[in-house]
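Trainee: Supplied in structure tokens, the structure appears directly below.
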Amino acid sequence: ESAPAAPALETLQSRVAELEAKLQEEAEARVTADSTSAKVDELEARLAQLEQQRLEAQNEALEAQDAMFSAQQEAFDLKRLVAQRDADKTRLEEEVARLSQEAARLSQKLQAATDTRSETALDS
């Protein structure tokens, strides 16, 4: 009886060894899958962090662009004010020249009238 049982025992032991090897492979595969899942979670968290940084950088760029636009607008306004000031200055200089000519003309008229009056007074 023990002789026929020996090959059956060996077959069972061989089968147990095969199943243990398969269990070991499956356990290693699960560890690998868990490690991969943890790595995926880590990478997704890093990706979310990078996306947040990208959005912050984009926001800073938009703020800088807005500040640049404001500075350009202010420069344009200042140039317009300088041009307006220059035009006003030119207009005032022209008005001063016209008034100076008018004053000189009136001064000549007054002088002529004074001279005429003096001659008339001397003649009488």
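Trainee: Shape call for region 4-79 from the C-alpha gyration tensor, a ≥ b ≥ c root eigenvalues: rounded (a/c under 1.5), prolate (a/b greater than b/c) or oblate? If you can, show how the numbers build up before the last one.
Mentor: Values: a/c = 19.37, a/b = 13.24, b/c = 1.46.
In terms of gyration-tensor shape, prolate.
Trainee: E18: net charge of surrounding residues, Cβ under 13 Å, Lys/Arg +1, Asp/Glu -1, itself excluded? Write down the numbers at each step before the final one.
Mentor: On the way: positive: R15, K22; negative: E10, E20, E25, E26.
Here the charged neighbours net out to -2.
Trainee: I've got another one for you. Which of rounded, prolate, oblate describes region 35-79, given a ≥ b ≥ c as roots of the alpha-carbon gyration tensor eigenvalues and a/c under 1.5 marking rounded, otherwise prolate only if a/b is larger than b/c? Kindly include the intermediate steps, with their values, before the conclusion.
Mentor: Values: a/c = 11.85, a/b = 10.87, b/c = 1.09.
Taking the square roots of the gyration eigenvalues as a ≥ b ≥ c, region 35-79 is prolate.
Trainee: If Lys and Arg each add +1 and Asp and Glu each add -1, what is the summed charge of the other residues whose beta carbon sits under 15 Å from the beta carbon of E28?
Mentor: Neighbourhood net charge equals -2.
Trainee: Could you tell me which residue out of A29, Q13, Q111 lies farthest along the dipole of the chain toward its positive end? Charges go on the beta carbon: Lys and Arg +1, Asp and Glu -1, centred on the Cα centre.
Mentor: Going by the charge dipole, the pick is Q111.
Trainee: Using helices alone, I'd like the mean residue ellipticity at 222 nm for the chain: each DSSP H run of four-plus residues gives -39500 (n - 2.57), total over residue count, nearest 500.
Mentor: Values: 1 runs with 122 residues, N = 124.
Calculated from helices alone, the mean residue ellipticity at 222 nm is -38000 deg cm²/dmol.
Trainee: Something else about it: Could you derive backbone 3J(HN,Hα) for region 9-17 from the dihedral phi with the Karplus parameters 6.51, -1.76 and 1.60 (θ = phi - 60°), listing whole Hz in sequence and x where the residue is Gly or Pro?
Mentor: Once rounded to whole Hz, the list reads 5, 4, 4, 5, 5, 5, 5, 4, 4.
None of the figures in this text is laboratory data; all of them are computed from the coordinates on show. Everything numeric here is computed off the predicted structure, so don't read it as measured data. Cβ coordinates were reconstructed from backbone atoms using ideal geometry, including for glycine residues, and neighbour counts include every protein chain displayed.
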